[in-house]
Amino acid sequence: MTRLHLDNANRQRGETGWRAWFSADALKLLAHQVSVTALDLVFPPQCVHCQRVGSFLCPRCLAQMETAPARTVPGLDDVRVALTFEGPVRSAIHALKYEGVKRLAEPLALSMVSTLEDTDWSVDMVCPVPLHQRRVRERGYNQSALLARALAEHMNWEYCEEAISRVRETETQTHLNAQQRRENVAGAFIAAPAQVESRCVVIVDDVLTTGATLEACATAFRAAGARRIYGVALASAVFADAGMGVFGTPGLP
């Protein structure tokens, strides 16, 4: 091969690599990062709990987040909960869920990653607790899906949003006690056997209150033939009245 041919071949390889690096996806990601950085410079983010400028969760508020106690949920082979639903955690989940601060999903998901460090789960897929389509249209997104996707990326697990669906719209659970919550979500979910049969599934929710929602999802997965079903929640609600079985979660279902 002549020197000219070698030079042409090297140049073509270089151009191919350059074009691959500047693929549509890479350019889209780069543009997003640049736009986010520019917006942060013009409108610096504020801590969603204390309003300090600099980040959506400042170091001081991050340090106040408390680890959640161990929980169990009927129907799940195991469940892990990262944080207690109080103070900065409460503010962060409210901002993620109702104020459109979707960028909080990434740092909050890291808390869930930490609580999984000592597990030996064999996981085939990660699924979020689904919202009803009307709720998705109103809000524009499913906050549990944002958390589940971020968790799956960090853990190198397959993410599958279509494996389970909410087939019945349910009443908001904010003011319901434990028994009412179980009745409210009973039969509200259906899982797809073609996607979950003989597989080990992780179901992700934002707040674990009585466990009724995760239990209903586990029932659907079990009916579809899932081999093992695990649960992960970002936060655990705090008992307000143990005798009544009601948790302290006003304002969040």
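Model label points for residue 70 and residue 141, set 7 angstrom from Cα along the Cα-to-Cβ axis, are 3.5 nm apart. Each of 85, 56 was scored by other Cβ atoms within 10 Å of its Cβ. Listed from fewest to most, they are 56, 85. For the pair residue 62 and residue 192 in one chain, pulling the backbone fully straight at 0.36 nm per residue adds 43.0 nm over the alpha carbon distance.
Label positions at residue 121 and residue 178, each projected 7 Å from the Cα along the C-beta direction, are separated by 2.3 nm. Give the separation of the Cα centroids, segment 82-135 to segment 201-237, in Å. When both Cα centres are located, 13 Å separates them. As a calculated quantity, the FRET efficiency between residue 162 and residue 223 at R0 = 25 Å, using C-beta atoms, amounts to about 0.90.
Between residue 133 and residue 102, the FRET efficiency from the beta-carbon distance, with R0 = 22 Å, is close to 0.70.
Charge dipole (Cα centre; +1 on Lys/Arg Cβ, -1 on Asp/Glu Cβ; no other charges) of segment 65-247 amounts to roughly 500 debye. Taking trypsin sites (Lys or Arg not before Pro) across segment 147-217, the ones in a DSSP loop with at most 15 further Cβ atoms lying within 10 angstrom of their Cβ are 168.
Where a number appears in this text, it was derived from the coordinates with a stated rule and is not lab data. Everything numeric here is computed off the predicted structure, so don't read it as measured data. As a convention, Cβ positions derive from the backbone with ideal geometry for all residues, glycine included, and neighbour counts pool all protein chains shown.
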